[in-house]
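K.L.:
Dropping the structure in here first, questions after.
The values are calculated or read from the model by the stated rules, or taken from the named source; none is laboratory data. Here the structure is a predicted model, which means the values were calculated and not measured. FYI the Cβ positions are ideal-geometry reconstructions off the backbone, even for glycines, and counts take in every protein chain you see.
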Amino acid sequence: MSEAVVTGTGGVLPGGMKGVVSDFSSDKQSFHTPWGKAMMWIFLLSDTFIFSCFLISYMTVRMSAADPWPIPSEVFALSFGGDPIPLILIAIMTFILITSSGTMALAVNMGYRKDRKKTFWLMFATAILGASFVGMQAFEWTKLIVDEGVRPWGNPMGAAQFGASFFMITGFHGLHVSAGVIYLLVVAFRVKNGFYEERGSNYEIVEIAGLYWHFVDLVWVFIFAFFYLW
């Protein structure tokens with residue numbers, strides 16, 4: 001006969017398979033992670049698979065393209081009255097997103113200190129930086145479509161797959177940034193109005209929003225490396 005086991009809390013667990021069944025059916029929490037944070041991690045994991053598929057597909061298409069692939073430093077050059085500067089707009093966009101990661105990290109820190117005012121303004125600044133990024137991306141798209149004649153189904157500068165790859169990857173990322181800006185603004189104004197304090201929350205939602213925003217920034221680093229620098 002199996003002997004009973006005394007648990008750390010003083011309870012008695014039946015021995016053998018009965019003890020295993022009783023333990024697994026007792027609905028104990030093994031890892032003390034809030035559900036909101038756990039669900040965000042699962043969502044980000046699924047999004048990682050999607051962006052990975054996009055980037056791998058892009059690299060496959062680029063290496064197998066029969067026509068010459070446009071040179072990014074020439075396609076994405078911008079002139080300010082003089083000679084075109086390669087990738088200047090993309091460099092500014094990257095700097096903006098990296099800066100927004102810093103303001104978001106500070107917002108999370110201030111949130112756990114329950115400093116409502118600083119948390120709001122730091123999240124608001126992050127959202128403004130994100131909106132600036134989206135505005136610059138819209139300008140970049142307009143320049144390619146109107147001035148360069150690039151389309152998802154064609155490209156006068158070389159391989160036709162360039163347009164499809166560019167608009168798919170940057171568009172999907174831009175959609176994430178746009179959704180993130182709205183998400184940050186909603187959370188920021190709720191922080192400002194004391195919504196989470198009334199519910200007895202410890203501003204965990206700020207950290208959850210920060211996880212999403214840092215993910216969006218990290219994905220852009222890979223897009224920048226593989227699409228603009230390669």
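K.L.:
Here are some conditions: (1) closer than 12 Å to Gly130 by Cα; (2) modelled with pLDDT under 95; (3) of a type in the set (Val, Ile, Thr). Ile182 meets all but one. Which one does it not meet?
P.N.:
Evaluating Ile182 over (1) closer than 12 Å to Gly130 by Cα; (2) modelled with pLDDT under 95; (3) of a type in the set (Val, Ile, Thr) leaves (2) as the failure.
K.L.:
Suppose we filter segment 83-111 for residues that are in a helix (DSSP H, G or I) and closer than 23 Å to Phe139 by Cβ; how many remain?
P.N.:
15
K.L.:
Now for a different question. Report, by residue number, each residue of segment 159-172 that is more than 30 Å from Ile205 (Cβ to Cβ) and surrounded by 15 or more Cβ atoms within 10 Å (Cβ to Cβ).
P.N.:
Step one: list which residues in segment 159-172 are more than 30 Å from Ile205 (Cβ to Cβ), which gives 159-168.
If the condition is that a residue be more than 30 Å from Ile205 (Cβ to Cβ) and surrounded by 15 or more Cβ atoms within 10 Å (Cβ to Cβ), then Ala159, Ala160, Gln161, Phe162, Gly163, Ala164, Ser165, Phe166, Phe167 are the ones that fit.
K.L.:
Considering only residues that are in contact (Cβ under 8 Å) with a residue 12 or more places away in the chain and in a loop (DSSP other than H, G, I, E, B), look in segment 178-213 and name the one that is nearest to Tyr58 (Cα to Cα).
P.N.:
Per the stated criteria, the residue is Tyr203.
K.L.:
As an exercise: evaluate Lys114 against (1) part of a helix (DSSP H, G or I); (2) in contact (Cβ under 8 Å) with a residue 12 or more places away in the chain and give the number of the one condition it does not meet.
P.N.:
(1)
K.L.:
If Leu175 satisfies all but one of (1) surrounded by 15 or more Cβ atoms within 10 Å (Cβ to Cβ); (2) without any contact (Cβ under 8 Å) to a residue 60 or more places away in the chain, what's the number of the condition it fails?
P.N.:
The one condition Leu175 does not meet is (1).
K.L.:
Going residue by residue through segment 103-117, is there one that turns out to be in contact with a helix residue (DSSP H, G or I) (Cβ under 9 Å, 6 or more places away or on another chain), under 22 Å from Met168 (Cα atoms) and of a type outside the set (D, E, K, R)?
P.N.:
no
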